[in-house]
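In what follows, a structure is listed as structure tokens, so that the remarks can point back to it.
The values are calculated or read from the model by the stated rules, or taken from the named source; none is laboratory data. These numbers come from a predicted model, not from an experiment. Quick reminder, even Gly has a Cβ in these numbers, built from the backbone with ideal geometry, and neighbours come from all protein chains shown. These area figures cover heavy atoms from the full protein model, side chains too; ligands, DNA and RNA do not enter into them. Shrake-Rupley method; radii C 1.70, N 1.55, O 1.52, S 1.80 Å.
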Amino acid sequence: MRYNLKESRQLSETMKIRDVRNAFFFCFAFLCLPASAQDFEDDETATEGLHFNVEMQASLTVRGDNEPLWLNANKYGLSSLDKSNGYLRAGLSRPLSNDNGRKFGFGAGIDMAVAYGFTSKVIVQQAYVEGRWLRGVLTVGSKEYPLELKNAELSTGSQTLGINARPVPQVRLALGEYWALPITDGWVSIKGHVAYGKTTDDNWQKRFTDQQTKYSEGTLYHSKAGYIKIGNDYRFLPVSLELGLEMASVFGGKSYKTGIADVIQHEGGLKGMWHAFMPGGSETIEAGTAYENASGNQLGSWLFRLNFDYENWYLGVYGDKYFEDHSGMFQLDYDGYGTGSEWNVKKKSRYLLYDFKDILLGLDFRLKDNTWINNVVLEYMYTKYQSGPIYHDHTKNISDHIGGRDNYYNHHMLTGYQHWGQAMGNPLYTSPLYNTDGNIYFWNNRFMAWHLGISGDPNFNLHYRLLATLQRSYGTYYRPYTDAQNTQHLLAEVLYRFPAYSKMRGWSIKAAAGADFGSVYGNNLGFQLTIAKTGFFRLSKK
């Protein structure tokens, strides 16, 4: 029987209600178990112990076929589109910050979930060990890494290194915090990372496609990023500038694609790792041809953020300029080939300059002394251009080269920039998990969107956030929508943390309502409840 996501959701309402009831009962019972642990708020000994968290979440969509976007997006892939879903999550970690002030540091963590209505029943969300020497950190395993140069709570997310998909197990070497270059007297600081890993969704891809459409196995992952900050935090200068470059590559492994070959073996090993780091090489079936593309799926973003940080308010102006290839990276493509027998020879100093249209622009405004509204984020995102609607490689008859139709997040041989069906970058690129045709493909990657995020703290224990997104979608260049599709995504969320002096210290409860309107995601209305307990195990002292 052919498998697709739509069929997997066709469970009886009786079964779904029973699953919700059982999950609530089990999670509540687990959370109520006594433990010889203490909440770590306002306790100096928290830096000496093991931190723990236990969390239960249940979601129910009462209208539509999918869970609303902002109830499932930007949660590191620990989410689901099913109308009824939930999980019980437990984690234990020793943060590297325990060893602050020491030359060497050690950290480790394990974070697992038992879920229903998800792509997996048992999820190892995080499992890692890490060590630090001076400022350098080596991490091995799966770990959630935060957004850089954006507000993770209110932003739509980064276009390259986002927080929307499950973490990829990897080996990562990083300078995690800004380090001031000594020769600049603290005015120039840098940070960054390099990582290699392996995706874990092979079996899911086989199930989702029923092995009838393109899927891959053994795919490798590479990411790198560098950031530079111009400004001095120790001098009275409220203005600073941050610049960054984020890049990622999905490469190696095997692809199964009808119409080309039964199996396509991609470049791996040390050579593949080098070509992922320094884009080069070629795809297997293109090697030796006139139209070799770099090995793997290469992509990235140029980032900037201008900060104005005053006593009572803060304003950040930022941008995220996405690219899919070398011409998109530099906004420039070579177009000076010869003719006749020299059709593939570079003869002229002639280049094609692309427009600077595709970009995410944002404002992050904070009122430091206000409580009801203390943070506002406004973003504008445009991805329609993609180097233009025409793609033509130079030929013996036509020497002009126009490299358009970049087809963001998709790849002609690999399954694109996704992990477990979720976009690894920004969730406004409609993730393959939404597809009901068995294709692991981004059918909606050309759009423009306005996004507003607001948060506040009416009192010390109460926090809220509101998200509203207007998106006008055009499909892809290769399969455009007949008419532009307008969609709206809404979220209202309230979080209550029990006071530190109460018997419920360390507990929190969060309630959220989300909605989608439009044909791309469907008309959906859903609710979500999360109950959590955090604290630490105090190391005994005799």
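For the reader, a short list of remarks on this structure follows.
- Segment 162-265, accessible surface, carbon-and-sulfur percent (1.4 angstrom probe): 60
- Around the Cα centre of the chain, unit charges on the Cβ atoms of Lys, Arg, Asp and Glu (plus for the first two, minus for the last two) sum to a dipole of about 900 debye.
- Mean Cβ neighbour count within 10 Å, used as a protection proxy, ranking 220-227, 351-358 highest first: 220-227, 351-358
- For segment 132-147 versus segment 383-425, the gap between their alpha-carbon centres in whole angstrom: 32
- Measuring only protein heavy atoms, the 1.4 Å probe finds residue 171 accessible over about 80 Å².
- Dipole in debye (nearest 20) - segment 116-180, about Cα centre, beta carbon charges: Lys, Arg +1; Asp, Glu -1: 180
- For the chain, relative contact order (Cα pairs under 8 Å, six or more residues apart, normalised by length) works out to 16 percent.
- For the chain, alpha-carbon Rg and Dmax in angstrom: 24.3, 87
- Only one residue of 494, 473, 436 has its Cα farthest out toward the positive end of the dipole of segment 419-542, where Lys and Arg carry +1 and Asp and Glu -1 on Cβ, and that residue is 494.
- Label point distance in nm, residue 120-residue 390, each placed 7 Å from Cα along Cα→Cβ: 4.7
- In terms of accessible area, using a 1.4 Å probe and ignoring ligands and nucleic acids, 504, 424 rank largest first as 504, 424.
- Peptides 450-458, 362-370, ordered by how many other C-beta atoms sit within 10 Å of their residues on average, highest first, read 450-458, 362-370.
- For segment 376-443, size of Cβ-based charge dipole, Lys and Arg +1, Asp and Glu -1, in debye: 60
- Positive-end residue, the chain charge dipole about Cα centroid, Cβ charges, pick of 159, 414, 137: 137
- Measuring with a 1.4 angstrom probe and ignoring ligands and nucleic acids, residue 133 comes out at about 140 Å² accessible.
- Helices in the chain that qualify as membrane-span-like (whole DSSP H runs, Cα extent of at least 20 Å along the helix axis, mean Kyte-Doolittle hydropathy of 0.0 or higher) are 13-31.
- Estimated 222 nm signal from helices in the chain, with DSSP H stretches of n ≥ 4 weighted -39500 (n - 2.57), rounded to 500: -2500 deg cm²/dmol
- Annotation: for a label point projected 7 angstrom from Cα along Cα→Cβ of residue 147, residues of segment 355-377 with backbone N closer than 17 Å are 359-367, 374-377.
- Over 19 Å (Cα to Cα) - which of 150/191; 103/229; 357/384; 224/384; 346/396; 321/384 fall in this group: 103/229; 224/384
- Trypsin sites (Lys or Arg not before Pro) within segment 432-519: DSSP coil, no more than 11 neighbouring Cβ in 10 Å: 503
- Accessible area of segment 386-507 divided out per residue, in Å², using a probe of 1.4 angstrom: 41
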